[in-house]
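The values are calculated or read from the model by the stated rules, or taken from the named source; none is laboratory data. Quantities reported herein were computed from a predicted structural model and do not represent experimental measurements. Glycine also receives a Cβ, built like all others from the backbone with ideal geometry; neighbour counts cover every protein chain displayed.
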């Protein structure tokens, strides 16, 4: 379940930092009862960015397949493993 907290609770930065590092998901900050910001640890942010890049690459690959731009599967898997450190 997402964590939601009012903006006034951001005054205690040490507690917020600790909470961000313990959470496996973003923390939603509200202002006057409405969504205003999202906080997360740098580790979670980087993991999220990596996933977004991977999904973008998959989408590009699907477009290339539709255009007939394909290559050997073994070569493609090797390239993916090298690119993502798998």
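Go through region 6-25 and give me each residue that's within 24 Å of residue 51 (Cβ to Cβ) and surrounded by fewer than 14 Cβ atoms within 10 Å (Cβ to Cβ).
The answer is 17, 21, 22, 24, 25.
Is it true that some residue in region 69-86 is within 19 Å of the chain's Cα centre (by Cα), in contact (Cβ under 8 Å) with a residue 24 or more places away in the chain and part of a loop (DSSP other than H, G, I, E, B)?
no
Just one of the numbered conditions (1) surrounded by 11 or more Cβ atoms within 10 Å (Cβ to Cβ); (2) touching a residue at least 24 places away in the same chain (Cβ under 8 Å); (3) more than 17 Å from the chain's Cα centre (by Cα) is not true of residue 3; which one?
Against the list (1) surrounded by 11 or more Cβ atoms within 10 Å (Cβ to Cβ); (2) touching a residue at least 24 places away in the same chain (Cβ under 8 Å); (3) more than 17 Å from the chain's Cα centre (by Cα), residue 3 comes up short only on (3).
Of the numbered conditions (1) modelled with pLDDT under 95; (2) out of contact with any helix residue (DSSP H, G or I) (no Cβ under 8 Å at 6 or more places or on another chain), residue 23 satisfies every one except a single condition; which is it?
Here residue 23 meets the rest and fails (2).
In region 26-49, what count of residues is obtained for those that are surrounded by 12 or more Cβ atoms within 10 Å (Cβ to Cβ), under 30 Å from residue 80 (Cα atoms) and in contact (Cβ under 8 Å) with a residue 12 or more places away in the chain?
Of the residues in region 26-49, 4 are surrounded by 12 or more Cβ atoms within 10 Å (Cβ to Cβ), under 30 Å from residue 80 (Cα atoms) and in contact (Cβ under 8 Å) with a residue 12 or more places away in the chain.
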